[in-house]
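What follows is calculated from the coordinates using simple rules that are stated; it is not laboratory data. From a predicted model like this one, the values you see are computed outputs, not experimental measurements. Cβ: placed from backbone, ideal geometry, glycine included. Neighbour counts: every protein chain shown.
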Amino acid sequence: MKNLILFNILLLGLLSACNKDIMEFSDPEYPSRYCILTDAERNDLFNDFQSDLKMNFEVDSFGFLERKDGTHRGNELFSEEINDLESVEEIIRSFVHANQKFYGISDFSQLNAEYVYSEWASYGGTLVQENENDRNRWMIRYENQVFNGIEVYDTKIGMYVSGKGVYQTYGHWYSAIHLPQKEDVSFDEAKQTLIGRKFKYYDWGGGKETVITADTFYTDDNPEMMIIPYRRGNCIEMRLCWKITSKTIWNFYVDVMNGKLVLNEQTVIF
């Protein structure tokens, strides 16, 4: 009898936790989720990946491309010069078009370059630069994704290119994002949820603590939203948040649906 009572208590606790998770948001389709794939699913995706330099890549747990660990790049990868930006962009355009599912990008024109770098990699003098303007290695970094006018946090994409093609990338966008029709928590209410909370940080003098008060916030700031890819268990949730700047070293991102703090971003690094 005692064991039966204990079992019922545990079952009720489990059901309560499940119901709490289901009822956490008033919009049943929110948030969109990207969950960890099985090895078989990742292998199937990699088989669909199109590249002459496939050996440099692998598919991560969520189905996006990343650099394969331990990959050795010989000088043959940079043996061809590629001197104009237009040619580099065409290589990237073809690569992205062939592998849209890995980057969440349907149209290359959506990408806006924020940084372009090129150089001649000599590999210890084994590759000779015949002209001072010759280049054989490029890197272009693109701005964060913007979805329905809202920026998506930490979605910059980097493309590394040689005359042989795209040989390394980082970052991706998210093609499946569901935005709620309305916010359940206002911008001012989101600020209120932070008052009284303490945040620790370290500077040259050691450990410090910031206590959030009403005076921490600006009174004339305009409400701004950002989509935060939030890791929760085995999934990445696409959380729509109020971005709250403060007079401290922190930016805060509070979910517009449940008022929970999703991310506190330290803006000053000591």
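In terms of overall dimensions, region 187-266 has a Cα radius of gyration and Dmax of 13.3, 39 angstrom. Taking Cα centre as origin and charging only the Cβ of basic (Lys, Arg, +1) and acidic (Asp, Glu, -1) residues, the dipole magnitude of region 32-170 rounds to 360 debye.
Summing +1 for each Lys or Arg and -1 for each Asp or Glu among the other residues whose beta-carbon sits under 12 angstrom from that of ASN56 gives +1. Across VAL152, VAL166, VAL211, mean-square fluctuation computed from a Gaussian network of the chain (C-alpha pairs under 10 Å connected) peaks at VAL211.
May I ask you to derive the FRET efficiency for PHE108 and GLU132 from their Cβ-Cβ distance with R0 = 35 Å, giving the value to the nearest 0.05? Could you put the intermediate results ahead of the total?
Details: r = 31 Å, r/R0 = 0.88.
Taking R0 as 35 Å, the efficiency between PHE108 and GLU132 is 0.70.
In percent, rounded to a whole number, the relative contact order of the chain is 16, using alpha-carbon pairs under 8 Å and six or more apart.
Among the chymotrypsin sites (Phe, Trp or Tyr not before Pro) in region 109-217, those located in a DSSP loop and surrounded by at most 11 other Cβ atoms within 10 Å of their own Cβ are TRP204.
Computed over neighbours whose Cβ is under 13 Å from that of LYS68, the net charge equals 0, Lys and Arg +1, Asp and Glu -1.
Available extension along the chain between SER61 and LYS182 is 40.4 nm, counting 0.36 nm per residue and deducting the alpha carbon span. Here LYS156 is the anchor, and the lysines within straight C-alpha reach of less than 17 Å, apart from those fewer than 8 places off in the same chain, are LYS101.
Other residues within the sphere of radius under 11 Å centred on the Cβ of TYR218, judged by their own Cβ, net out at -1 (K and R +1, D and E -1). Computed about its Cα centre, the charge dipole of region 187-266 is approximately 400 debye, with only Lys, Arg, Asp and Glu carrying charge at their Cβ. Taking Cα centre as origin and charging only the Cβ of basic (Lys, Arg, +1) and acidic (Asp, Glu, -1) residues, the dipole magnitude of the chain rounds to 1300 debye. Where (1) 20.4, 76; (2) 18.4, 59; (3) 23.7, 87 are the candidate values, the label of the one calculated here for Rg and Dmax of the Cα atoms in Å is (3).
Under 26 Å between alpha carbons, and skipping anything fewer than 8 positions from LYS200 in its own chain: which lysines qualify? Candidates past the 8-residue exclusion: LYS191, LYS208, LYS243, LYS247, LYS260. Calculate how steeply helix 39-48 sits against the longest principal axis of the alpha-carbon atoms of the chain, using the helix alpha-carbon long axis, and give the answer as 0 to 90 degrees to the nearest 10. The angle comes out near 40 degrees.
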